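The structure appears right after this line, and notes come after that.
Nothing in this text is a laboratory measurement; each read-out follows from the coordinates by a stated rule. Computed from a prediction, not measured in an experiment: that's the story for all the values here. As a convention, Cβ positions derive from the backbone with ideal geometry for all residues, glycine included, and neighbour counts pool all protein chains shown.
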Amino acid sequence: MHPQPAHTHTHGAQQPSASAHRPAWTAERIRALGTVTTVPTAAAIFGLSRSVAYDLIKTGTFPLPVLRFGRRYRIPVTAILTALHMPTEPDPPTT
């Protein structure tokens, strides 16, 4: 017989979510994606699951322009920045 490990579960205490370990989506980080990004990345930026994002695209209700290339979808990065009221251009360097 093997001893059972002691459980240290405290009721009501919340475990850190997976998102607590991801860096925040800043304008600089979003711009670094390039001119377009994938649906899963756009979904993550808006806090949506991948499946919800694809469902919204299929019903024509995704809140951003969606580019379709065959079976692939891409989301313009400037549209993401605009929707989030973030600057589309980086700040000019200070001298």
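Odds and ends about this structure:
- For the range 44-49, putting each phi into the Karplus relation 6.51 cos²θ - 1.76 cosθ + 1.60 with θ = phi - 60° gives couplings of 4, 4, 8, x, 9, 6 Hz, in residue order, rounded to whole numbers and with x for Gly and Pro.
- Counting every alpha-carbon pair across the range 21-95, the share separated by more than 21 Å comes to 27%.
- Positive minus negative residues near Arg68 (Lys, Arg vs Asp, Glu; Cβ under 14 Å): +4
- The phi-based Karplus calculation (6.51 cos²θ - 1.76 cosθ + 1.60; θ = phi - 60°) puts the 3J(HN,Hα) values of the range 73-90 at 10, 9, 10, x, 5, 4, 5, 5, 4, 5, 4, 8, 6, 10, x, 7, 10, x Hz, whole numbers, x for Gly and Pro.
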